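Have a look at the structure below, then the notes.
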Amino acid sequence: MFGSKKQLAVFLSKLAGFEHPTAELEQYPTDSEIAAEILWTAQLSGELTGRRVADLGCGTGILGIGALALGASHVTFLEIDVRVFPTLMGNIAKLEDATGEEFGNYEILEGDVATFSTDADLVVQNPPFGTRDKGADTEFLRVAMKTAPLVYSLHKTSTEEHLRRIVTDARRRVLSVTRYAFPLKQTMVQHTKKLERIEVSCLKVSR
Ligand code: SAH
């Protein structure tokens, strides 16, 4: 169905974003090109298709839905803000429309990542960067490392060194870091420029 990274990116770009984004929860959706790049890379490395994937702080679901699109065996969507669930479900319906397939292999869970536990093969997450809620980023990274042996996690590049230490302390390894210019669309009042880009790093972490 999605025979190229470009096709996946085009589909992901059509998903709906946050209807009422909340600054406190750092609700910024992942850019579709960046999401497609991360997921496509994981797929090419044999880390996604047929694997159980968790999307922590899933928001409107772009990462987990992309994982379903690329043949994950199961996807767990975890989110603290139930107000996003109708959009998330609408986005899953868009995948079903686009593929003509029905996806029953996922679960949507309401909850705080801090008290979450499950087993998966892979976590793909774009959590809060910890700018509002100090430590939110490290909490997500710690939980992700407990959830799966392999993690792709997006963070603000300025926090990269700190996060590398969290990984080492957990006796895990940073396999690679890929940097992106992450577009922050003007969805919240405090943003003045129409499209601001921030430096974001995707950490790939393994056992
Ligand atoms: N992963 C999505 C959303 C990124 S924004 C995407 O890539 O588009 C970060 C998301 O984390 C928001 O949806 C926010 O509501 C959620 N979140 C923030 N704190 C959380 C917590 N403690 N537990 C679970 N989800 C949380």
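Structure above, values below:
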read-out: Area accessible to solvent at SER13, 1.4 Å probe radius, in Å²; value: 70
read-out: Cα-centred dipole magnitude for region 30-206, charges only on beta-carbon of K, R (+1) and D, E (-1), debye, nearest 20; value: 740
read-out: Per-residue SASA entry for LEU154, accessible area with 1.4 Å probe, Å² rounded to 10; value: 0
read-out: Difference of contour (0.36 nm per residue) and Cα-Cα distance, LYS5 to ALA181; value: 61.5 nm
read-out: In Å, descending, principal axis extents of the Cα set of the chain; value: 44, 41, 31
read-out: At R0 = 30 Å, FRET efficiency that the Cβ-Cβ distance of VAL174 and LYS14 yields, to 0.05; value: 0.35
read-out: Residue among SER176, LEU150, PHE85 farthest towards the positive dipole end of the chain, charges placed on Cβ; value: SER176
read-out: Protein accessible area in the chain, 1.4 Å probe - carbon and sulfur %; value: 49
read-out: Per residue solvent-accessible surface (Å²) - the chain, probe of 1.4 Å; value: 47
read-out: Helix-derived mean residue ellipticity, 222 nm - over the chain, DSSP H n ≥ 4, -39500 (n - 2.57), to 500; value: -10000 deg cm²/dmol
read-out: Linear extension gain, ASP112 paired with SER73, 0.36 nm per residue minus alpha-carbon span; value: 11.7 nm
read-out: Beta bridges by DSSP in region 30-206, antiparallel share as percent, to the nearest 5; value: 55
read-out: Mean Cβ neighbour count within 10 Å, used as a protection proxy, ranking 18-31, 71-84 highest first; value: 71-84, 18-31
read-out: Region 98-207: C-alpha gyration tensor shape, a/c 1.5 cut-off, then a/b vs b/c; value: oblate
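The values are calculated or read from the model by the stated rules, or taken from the named source; none is laboratory data. Given the structure is predicted, the values throughout are model-derived calculations rather than measurements. Methodologically, a virtual Cβ is constructed for each residue, glycine included, from the backbone with ideal geometry; neighbour enumeration extends over all protein chains shown. These accessible areas exclude ligands, DNA and RNA; they are computed on the full protein's heavy atoms, side chains included. Shrake-Rupley method; radii C 1.70, N 1.55, O 1.52, S 1.80 Å.
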